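Structure record follows, encoded as structure tokens.
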Amino acid sequence: MIGACTARFLRRHGVDVIVVERTDVAAAASGKAGGFLARCWCAGPPLDALARRSFARHAQLPEQIAGDWGCRPMTAYAASLPPMASPCNR
């Protein structure tokens, strides 16, 4: 997703761009998560301001680019549990 977005904005400024995938198309996190982004992944300096701008920009893009897609903000919660005891671990 980062490469595609960077390429799009560079192209809008007249730069010829070629995106080269290291493995398969959409093989990394963006492809597997369907574009899921979490603001807290970048919380705190130095990326917090950039993450906030990115989230605001993602909300604007569906209005500017035609297509069957969109931006749907949602609240999600994460939790972690200690590993369960297993007979194999004893």
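The values are calculated or read from the model by the stated rules, or taken from the named source; none is laboratory data. These figures come from a predicted structure and were not determined experimentally. Note that each Cβ is placed from the backbone with ideal geometry, even for glycine, and that neighbours are counted across all protein chains shown.
Close Cβ contacts (under 7 Å, 6 or more residues apart or on different chains) running from residues in the range 45-59 that are small (Gly, Ala, Ser) to residues that are in a helix (DSSP H, G or I) comprise 51/39; 51/42. Screening the range 1-69 for helices (runs of 4 or more DSSP H) wholly inside it with 2 or more residues that are closer than 30 Å to residue 79 by Cβ and modelled with pLDDT of 80 or more returns the ranges 48-64. The residue that is nearest to residue 2 (Cα to Cα), counting only those in the range 70-90 that are modelled with pLDDT of 75 or more and of a type in the set (S, T, N, Q), is 75.
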